[in-house]
Structures are given as C-alpha cells and as structure tokens.
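Remarks on the structure that follows.
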2 protein chains.
Amino acid sequence: MLVADLPTPALVIDRGALTRNLDTMSAARPGARLRPHVKAHKCTALAHEQARRGHGGFTGATPRELLGLARAGLGDDLLLANQSVDHERLRALATSGARITVAVDSEATIDAAARAGIGEVLVDVNVGMPRCGVSPEEAGPLADLARGRGLAVRGVMGYEGHAVLVPDRAERTKLTADAMASLVRAHDAVGGDVVSSGGTGTYDINDAATEIQAGSYALMDTAYAELDLPFEYALAVVATVIHANAKWTVADCGLKALGMDHGNPAIAGARVLFCSDEHVTFTPGTPLAVGERVLVRPAHVDPTIAYHDAMHLADGPHLDADVVDRWAVDLRGWNDPGIASRP
Amino acid sequence: MLVADLPTPALVIDRGALTRNLDTMSAARPGARLRPHVKAHKCTALAHEQARRGHGGFTGATPRELLGLARAGLGDDLLLANQSVDHERLRALATSGARITVAVDSEATIDAAARAGIGEVLVDVNVGMPRCGVSPEEAGPLADLARGRGLAVRGVMGYEGHAVLVPDRAERTKLTADAMASLVRAHDAVGGDVVSSGGTGTYDINDAATEIQAGSYALMDTAYAELDLPFEYALAVVATVIHANAKWTVADCGLKALGMDHGNPAIAGARVLFCSDEHVTFTPGTPLAVGERVLVRPAHVDPTIAYHDAMHLADGPHLDADVVDRWAVDLRGWNDPGIASRP
C-alpha cells in the first residue's frame, strides 16, 4: 500500500526521518542520559524503538501513558513528570509491576503518592515557567516531608519550558543555565541521584541534567523546526481532495485531525485559508483534482496525534512511498481502555 | 457519584440545559423539519434523545458518523452532508441497511457514489462560504449527470456558514435570505423534495429550507452564545487542581482535552493564562487548593468532544451535581472501530 492509498485523514511518519532523529539523539545522549517523553507520540511501538536504542526509562504526562508503557513491557523505570492526586490511577501504577516514580510539589501530591503505594518520587522544582513545581527554597523541606511519609526521594526535576523554544541559541543557553542553577541549588538541598530536566530544544545545552526528558525530537514540530536542531520533521497528515474549483481547493483534514493551538497547518506550495471540522480550504500551487492526495503538516504535533488512533510508517515523506507499518496510538486518553469501554 | 468525583479531565453535560435545548429546537422545527447534525456531539445516545423527539433523519460529516448511527438503529434517513470519494467507506454505507443520501458537487463525487452503490444524492450548492458545493448555475446540469449515472436526486443542500455566526440578527437574516435565494434557484433547476440547509444560528431565520442541519444547539458553543439564541451552554470539562501557589493555579485539562482553534477556554471567575498538553494555568478569583475541582468551558465544542471517549450527564452545571449517566462518544475518528483495532 502507498501513502496515497490510505483512508484519510491519516497520520503518516517518514520512517527515514524518524530513524535519523532517534539515532542522532541516542548518539548525543546515550542510555540513561535520555528519558524519552512519550506525550508527543503516545505510541508504545515508537517507545520500543527508543528502548531498542538503549533508553530503558521513560517519561509520561499522564498515569494512562505510564500504565500503557508498563503493559507494553517498558516498565523498567517510568517517571510521571506531572502532578496527580487521583488515587485510583496512582494505585493502578503502584500495582502495575513497573518501577514508578512520580513528581511531587506539595503536601497533597506527596500524600496522594504515599497513600496509593507509590514508592519513589522526584521533587518538582519551578525553574522559570509558570506551571507546576516548588521554588528551589521549598525543595529541601518538601523532600524531608516526602521521606517522612515513607517515600524514597530520587532527586529533582524541573522543566525549562520557557527556554526550550527560544530560537537564538545563545539566549537559550543563558536561560537554560539560569534555570539549571536553580535546579542544582534545589538538588543540593534534596539529594538523590537524579536531576531530570530539559527537552528537545535544550538536549545539548543542558549539562546539569543527569537525564533529559525530550520527546518532540522523534517527530519534530514546526516550532522546534525554527531552532538550529539536527532533527527533521517526520510527521504529516495525508488528506484527500474532495472539492476543487478555480479559486480554492478543499481536502478532508480539519479541526478534528489537527492540533490547532499553534494555528493553521501547512501544505507545501499552497496557501491554507482556514479549517472546518472536517475540511481544510486552501489555494494550491498547482491545480489538484478531486481524489488526489495532499500531505498536510500540522502546526503542533502532540495534540494532532492525540486525535488519531494510528500512525502509518512510510518509506519516505511522499505520497508514492510504501506504507511499511501501522502503529497504534495506544496511549491516548486518560482512562484505562478497560474502564473506557464500560457503557 | 458527583461531578467532583469524576476522574479528570472529563466531559460533563448539564442534563437540564441539554433537555431544554432539545425541546426548544423540536418545538421550533418539529419532525422532519430538523435533520440534527451529529458532528458536534458524535454520540449515538444523544442522537437517540433527538430521535425520541421526532427527528428521524440525521446529518453527518463523515461516513464513520453515519455508519455508527446506522448500527445504533438510527438509520431511517441519513445524510452525508460532505463529499467523499472513499470507495470502501461509501460501500460500507451503501450496504449498511440504512437509507443513505450523500452530497455531491462534481463528476468525481457522483461517480464515487454510483460506483459504491449509493442510491440517493443531494446536489451540494455553494451559497457563500468558500468550501464545497457548485454554483447555482452548475446545479441543474450536475443533477442531470447524477440521474444519468442512475442516482436518485432528492434535491439540494447548501450551508450558509458565512451567516450562521453573525451576531446581528438583521444582518444574519439578510445574508441568509441572499444565500437561500441562490439555493432556491439551484433547487428550481435540480428538482426533488429536499432543500437541506441551515444551522443553529439560522434555524428560525432560514425559511427556504425544508430541513435544517443544526447540531450545535444541543450543547451550544461560546461563538453561538454571542447570538440572540434561546439555547444554553451545556458542556464543560471538569478538571482537578494539581498545583496552586500565590501567583497562579494549575488544573489537569490541557491542549489534548480542548479544541483550541477558537482560543483559550474559560473558567468562571478566573483568568486563563495558557494551556499546555495536560495543563491549564490560570489565576482563580478565589484561592483553590490542590485536589479541588474546576469546570473549564472550552471555546469550541466540536473539536473538544472529539478528544474524549465519553460524556457524563449531570443533574446541573455544578461540581456537586449528581452524575446520572455516561454516554460514549462513539462516532469519533474516521475508521470503523473493527478496522481501527487491527494492530
């Protein structure tokens, strides 16, 4: 089957680009120095490719992602790099057989972890982006509190989300260094072996982290593509032209097939006008006929993939490339599939 | 179970508001004068509520939606109000046992319908929005072409998408009247009993349509809420606070739980700062503690629901309302679930 024969809309991965991205990152941050984040791809088959390259630990943003990894035999060392006070879901992780570490940044999240039977935590430190995490000053006392509740504190994590997408490398380096100074200060107070941090934009800049939580590098993104990174865009949505007239053309890939928070998708040689639920209206560079296919490049990979049930591996970023495999996007949603299927 | 006890993020429907919305619309456009569009809710349980109020015909935007309706016993008269040249999916509709009508606007879409064994079509007419549909002048010849291919032409459809969201009623009425003049002209040339058109914003303005394809009225939307409509907002996403400090608060409802093409969601009394994949960062009106719940109102309902596997019916739009039912969002995606579950 060719890419142009897939029922549409459908996610297509350029296998060559993906392979090069995975290999480049594994060479730069071998083994445990990378803890791949699965939130971007939500795919255990892709995670297996990362594990095969020596990365036995994974990062997730939801209990569901970690539980799926555990069930796929990838449970050697899983980090929930996010806060949760959901007892049932934490309990499911604690009893999954996987090694589970969760991020904590408050008494409530510590209590939730302890009560659910989670054994290990990282203290999440805010290093500059307004989201979760304690101040560096609060990190030591919080670690003591966690140990007092019987939890093993493996170290700290802190995500320099305000730095990872800064295009200028010198500025990105400076922001990262400042953020890591905070994180190292917190680590001095907390102890433990782990300093977990970073992302695709800082994988070769962040030298304070013992492990980098990069995920986007595998498939890349329009925002990261603005940076000076050695990773290639590897994802597209193949769509079918369903209407064409002298002024515009319409293909069957719309708001429910695309993450839209970064704006409209792109189509090579075309100008995208707008998206509806199941349509993208655009003016192509050269005329297209109804039934022809186009490759649509979403502006944001993560929320795009979360709409699809599968990604198709192709031997190249072209419509006439062979489809060589189909990978389920099996980590999406928040409910255990067993629970979700209840009426 | 209360809304505040649901695992989060989770869709919550205010049953009272939904019931009033359904009843109001059914009173205004009884029976076959309304052909509810399911693309907004993607839920056969909700479609059954619409059928129970006398609307035996349904509109869908994807073959998948229609196939799901057919399997749920709602196949009396299903309209694919969209173009498709997907032979397998059209064939699945043609052999589903349901009465299927599809929109056509080109020789290619006519050929695809005829080849797949579809029996009935509507000629889709462009009445002002740059998407699918032929010009009114092309409609008659296209109907002849369809009849020549053995298809029964039931009439025309045309969506005044450029009018439905115009806040000023007089302007909306004028735009709708102009659009319907085009559609009626096309209908005169095409023949048939059906003039299918309209949406939530024009349900009581569009007097040319024999049937209105409204869908958003059931759960409503922030954009439609700007209009002078008698429908109430009925949807929220319940989220859990996972971090709170003196400056901001974070809940577990982000880009993968929200359609973002209309911008950030709203939280009553709060200012929403930004969303990440699994987070919304906001400043609440009154302080919230970790573990407390908030109701998040998405800016766009349709692409929000498409991220979720279920919606929860609650006895009121409050955190302490009882959850009285759980409805599967069983029409999402594009693949037949049997196909989607293949490895």
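In segment A:75-91, what count of residues is obtained for those that are touching a residue at least 60 places away in the same chain (Cβ under 8 Å) and more than 14 Å from chain B (Cβ to nearest Cβ)?
Going through segment A:75-91 one residue at a time, the tally reaches 1.
Can you tell me which residue among B:S276, B:S216 is more than 30 Å from B:A186 (Cβ to Cβ), within 14 Å of another protein chain (Cβ to nearest Cβ) and touching a residue at least 12 places away in the same chain (Cβ under 8 Å)? If you could, list the steps in order and put the result at the bottom.
Working: B:S216 fails: more than 30 Å from B:A186 (Cβ to Cβ).
Step by step, each of B:S276, B:S216 is checked, and only B:S276 is more than 30 Å from B:A186 (Cβ to Cβ), within 14 Å of another protein chain (Cβ to nearest Cβ) and touching a residue at least 12 places away in the same chain (Cβ under 8 Å).
Which of the residues spanning segment B:144-175 are of a type in the set (G, A, S), buried (at least 21 other Cβ atoms within 10 Å of the Cβ) and either on the phi > 0 side of the Ramachandran plot or within 20 Å of the chain's Cα centre (by Cα) (or both)? Please lay out each step first, then the result.
Going residue by residue through segment B:144-175, those that are of a type in the set (G, A, S) are B:146, B:148, B:150, B:152, B:155, B:158, B:161, B:163, B:170.
If we keep only those that are buried (at least 21 other Cβ atoms within 10 Å of the Cβ) too, we end up with B:146, B:155, B:158, B:163.
Residues satisfying the conditions are B:G155, B:G158, B:A163.
Name the single residue that is nearest to A:L227 (Cα to Cα) among those in segment A:182-192 being over 25 Å from the mean Cα position of the chain (by Cα) and surrounded by fewer than 23 Cβ atoms within 10 Å (Cβ to Cβ).
The extreme case among them is A:R185.
Can you find even one residue in segment A:193-201 that is of a type in the set (S, T, N, Q), within 22 Å of A:P36 (Cβ to Cβ), outside the structural domain of A:Q83 (by TED's automatic domain parsing) and under 17 Å from the mean Cα position of the chain (by Cα)?
Here is the first cut: in segment A:193-201, the ones of a type in the set (S, T, N, Q) are A:196-197, A:200.
Within this subset, residues satisfying the condition of being within 22 Å of A:P36 (Cβ to Cβ) are A:196-197, A:200.
Subsequent filtering for residues that are outside the structural domain of A:Q83 (by TED's automatic domain parsing) retains none.
Looking for residues that are of a type in the set (S, T, N, Q), within 22 Å of A:P36 (Cβ to Cβ), outside the structural domain of A:Q83 (by TED's automatic domain parsing) and under 17 Å from the mean Cα position of the chain (by Cα), one finds none in segment A:193-201, hence no.
Given (1) more than 14 Å from every other protein chain (Cβ to nearest Cβ); (2) in contact with a Pro (Cβ under 7 Å, 6 or more places away or on another chain); (3) surrounded by fewer than 22 Cβ atoms within 10 Å (Cβ to Cβ), where does A:W248 come up short, assuming only one miss?
If we test A:W248 against (1) more than 14 Å from every other protein chain (Cβ to nearest Cβ); (2) in contact with a Pro (Cβ under 7 Å, 6 or more places away or on another chain); (3) surrounded by fewer than 22 Cβ atoms within 10 Å (Cβ to Cβ), just (1) comes out false.
I'm trying to understand the selection: among the residues of segment B:92-118, which are away from chain A (no Cβ under 14 Å) and farther than 15 Å from B:P63 by Cα? Show your work before the answer.
Just the residues of segment B:92-118 that are away from chain A (no Cβ under 14 Å), to begin with: B:94-101, B:114, B:117-118.
Once the filter is applied, which keeps residues that are away from chain A (no Cβ under 14 Å) and farther than 15 Å from B:P63 by Cα, segment B:92-118 yields only B:A114.
Being outside any helix (DSSP H, G or I) and at pLDDT below 95 narrows it down to one residue among B:V156, B:V166, B:V195; which is it? Give the derivation first.
Values: B:V156 fails: at pLDDT below 95; B:V195 fails: at pLDDT below 95.
Of the residues listed, the single one that is outside any helix (DSSP H, G or I) and at pLDDT below 95 is B:V166.
Kindly indicate the residue of segment B:283-316 that is within 12 Å of another protein chain (Cβ to nearest Cβ), hydrophobic (A, V, I, L, M, F, W, C) and out of contact with any His (no Cβ under 7 Å at 6 or more places or on another chain) and also nearest to A:W334 (Cα to Cα) among those meeting that condition.
Step by step, filter segment B:283-316, then rank; the result is B:A310.
For segment A:54-74, name all the residues that are farther than 18 Å from A:A152 by Cα and either away from chain B (no Cβ under 14 Å) or over 18 Å from the mean Cα position of the chain (by Cα) (or both).
A:G54, A:H55, A:G56, A:F58, A:G68, A:L69, A:A70, A:R71, A:G73, A:L74 - these are the residues of segment A:54-74 that are farther than 18 Å from A:A152 by Cα and either away from chain B (no Cβ under 14 Å) or over 18 Å from the mean Cα position of the chain (by Cα) (or both).
The values are calculated or read from the model by the stated rules, or taken from the named source; none is laboratory data. Computed from a prediction, not measured in an experiment: that's the story for all the values here. Cβ atoms come from the backbone with ideal geometry, glycine included; neighbour counts cover every protein chain shown.
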